[in-house]
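Novice: The structure follows.
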Amino acid sequence: MNQTDPQYPIFIPSKGRWESRLTSKWWDSLGIPYRLVVEPDEYDNYLNEVGDEKKLIKLDMSYKEKYDLCDDLGQSKTTGSGPARNFIWDTAEKEGHKWHWIMDDNIMGFRRMHNNRKIRVANGAPLRIIEDFCARYENVAMAGPHYDYFFPSRVTKPPITVNSRIYSCNLIRTDVPFRWRGRYNEDTILSLDMLKKGWCTVLFNALLQDKVTTQVMKGGNTDQLYKDGTLAKSQMMVDTHGDVCKLSFKYKRWHHHCDYKPFMKKNKLVRKKDWQPKGEPNNYGMQLKIKK
């Protein structure tokens, strides 16, 4: 392992996307290991495409039965990816990993924001940087990169935002006392669950994930979970965290808005006593290359 490789395992829950597999193809192109977590009835389809059993794990389907969906619809609708995420968390715990990565299966790569330019990074440095940053603090429960399309190049932001939601590409401290819940918006629900218990989350604006917009790519939750619109999805945030989340209707559809300001003021990062900053900046092997 070199300084650009992530230290902790990468898990990718995937359903109905054995041909596209955007995230796993990205890691394949860099030679960085990962594991796809798939439902048993789709395992052969994924194996035919991936060609390596070491890159696949069959989901224990009992996780669907015991998952907290945060509604009364039971198994009448798809559960979303939450059960697979909890299976991954338990797998990481059994394997003894201090942290683990869990990523959506529709990420096309990662970028570094540099002088208001979003530059594609052709190694695992974005993950390793996030890992090393989190290792400095006692009370970070989860971290991850911002969405590329939520961060226009003309907008100026700090390198990180402390105590916001982390979504789609999550580095999770395995020993924290939480699990995924919710049929929809499980990443936002988990972020708020952590923040309300006094933990910190760190959203990286200087490191971005190049992800396909939600509800655009076929397969996954798109075909089943979101076919009825966005009201149920947004209402779930009000049902689970109504003290900080509100409903609104604009741009011809329902949205939810969550207020993270109370946590930004209250939850403070606690640096480990034995960590000391080093003198020289570490660029993790990244060099700016300009195509001619």
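The values are calculated or read from the model by the stated rules, or taken from the named source; none is laboratory data. Just so it is clear, the structure is predicted and the values come from calculations on it, not from any experiment. Counting neighbours? That spans all protein chains shown, and the Cβs are built from the backbone with ideal geometry, glycine included. To get the accessible areas, we keep the full protein, side chains included, count just its heavy atoms, and leave off ligands, DNA and RNA. Shrake-Rupley method; radii C 1.70, N 1.55, O 1.52, S 1.80 Å.
Novice: So, R128, is that one at pLDDT 95 or above and under 13 Å from the mean Cα position of the chain (by Cα) or not?
Specialist: No, not satisfied.
Novice: Any residue at all in the range 74-90 that's farther than 23 Å from T213 by Cα, out of contact with any helix residue (DSSP H, G or I) (no Cβ under 7 Å at 6 or more places or on another chain) and in a loop (DSSP other than H, G, I, E, B)?
Specialist: no
Novice: Mind listing whichever residues of the range 16-43 are assigned to a loop (DSSP other than H, G, I, E, B) and open to solvent by 60 Å² or more (accessible area, probe 1.4 Å)? Spell out the reasoning first.
Specialist: Taking the range 16-43 first, the residues assigned to a loop (DSSP other than H, G, I, E, B) are 16-21, 31-34, 39.
Once the filter is applied, which keeps residues that are assigned to a loop (DSSP other than H, G, I, E, B) and open to solvent by 60 Å² or more (accessible area, probe 1.4 Å), the range 16-43 yields W18, E19, G31, P33.
Novice: Related question: Does any residue in the range 58-70 that is under 15 Å from E186 (Cβ atoms) come within less than 6 Å, Cβ to Cβ, of a residue that is basic (K, R) and assigned to a loop (DSSP other than H, G, I, E, B) six or more places away or on a different chain, and which pairs are these?
Specialist: D68/R181; L69/R183; C70/R181
Novice: Please go through (1) farther than 30 Å from T230 by Cβ; (2) surrounded by fewer than 20 Cβ atoms within 10 Å (Cβ to Cβ) for Y149 and return the number of the only condition it doesn't satisfy.
Specialist: It is condition (1) that Y149 fails.
Novice: Continuing with this model, one more query. Which condition from (1) in contact with a strand residue (DSSP E or B) (Cβ under 8 Å, 6 or more places away or on another chain); (2) open to solvent by 20 Å² or more (accessible area, probe 1.4 Å); (3) under 25 Å from P9 (Cβ atoms) is the one that T161 breaks?
Specialist: (3)
Novice: Could I ask something else about it? Of all the residues that make up the range 248-292, how many are small (G, A, S) and either closer than 29 Å to D132 by Cβ or touching a Ser or Thr at 6+ places or on another chain (Cβ under 6 Å) (or both)?
Specialist: Here is the first cut: in the range 248-292, the ones small (G, A, S) are 248, 279, 285.
Then drop every residue that is not either closer than 29 Å to D132 by Cβ or touching a Ser or Thr at 6+ places or on another chain (Cβ under 6 Å) (or both), which leaves 279, 285.
Residues that pass the stated criteria total 2.
Novice: Of all residues in the range 245-292, which are part of a loop (DSSP other than H, G, I, E, B), under 21 Å from S164 (Cβ atoms) and open to solvent by 80 Å² or more (accessible area, probe 1.4 Å)?
Specialist: Step one: of the range 245-292, the residues part of a loop (DSSP other than H, G, I, E, B) are 251-252, 259-260, 267-270, 272-292.
Next, from what is left, pick out any that are under 21 Å from S164 (Cβ atoms): 259-260, 267-270.
Hit for the range 245-292 is K268, nothing else.
Novice: While we're on this one: Which residue out of Y63, Y67 is modelled with pLDDT of 95 or more, in a helix (DSSP H, G or I) and crowded, with 17+ Cβ neighbours inside 10 Å? Outline the logic, then answer.
Specialist: On the way: Y67 fails: in a helix (DSSP H, G or I).
Result: Y63 is the single residue among Y63, Y67 that is modelled with pLDDT of 95 or more, in a helix (DSSP H, G or I) and crowded, with 17+ Cβ neighbours inside 10 Å.
Novice: Filter the strands (runs of 3 or more DSSP E) completely within the range 145-215 down to those with at least 2 residues that are in contact with a Pro (Cβ under 8 Å, 6 or more places away or on another chain) and touching a residue at least 40 places away in the same chain (Cβ under 8 Å). Can you show your working first?
Specialist: Numbers: elements: 160-162, 169-173, 200-211.
Passing ranges, in order: 200-211.
Novice: Do the conditions hold for N163, that is, is it at positive phi and modelled with pLDDT under 95?
Specialist: Criteria not met by N163.
Novice: Quick check on the range 44-60: of everything there that is acidic (D, E) and not in a loop (DSSP other than H, G, I, E, B), which residue is farthest from the chain's Cα centre (by Cα)?
Specialist: Taking the range 44-60 as the starting set, the residues that turn out to be acidic (D, E) are 44, 49, 52-53, 60.
After this cut, where a residue has to be not in a loop (DSSP other than H, G, I, E, B) as well, the list is 44, 49, 53.
Working: D44: 26, E49: 24, E53: 24 Å.
This residue is D44.
Novice: Within the range 90-117, take every residue that is touching a residue at least 12 places away in the same chain (Cβ under 8 Å) and open to solvent by 60 Å² or more (accessible area, probe 1.4 Å) and give me the one that is nearest to M286 (Cα to Cα).
Specialist: We begin by selecting, within the range 90-117, every residue touching a residue at least 12 places away in the same chain (Cβ under 8 Å); these are 91-93, 95, 97-114, 116-117.
Subset that is open to solvent by 60 Å² or more (accessible area, probe 1.4 Å): 93, 95, 98, 108, 112, 114, 116-117.
On the way: E93: 32, E95: 31, K98: 26, M108: 19, R112: 10, H114: 12, N116: 17, R117: 15 Å.
Ranking the qualifying residues of the range 90-117, first place goes to R112.
Novice: Just checking, how many residues over the range 216-239 are more than 30 Å from R154 (Cβ to Cβ), at pLDDT 90 or above and either open to solvent by less than 70 Å² (accessible area, probe 1.4 Å) or in a loop (DSSP other than H, G, I, E, B) (or both)?
Specialist: The qualifying residues number 4.
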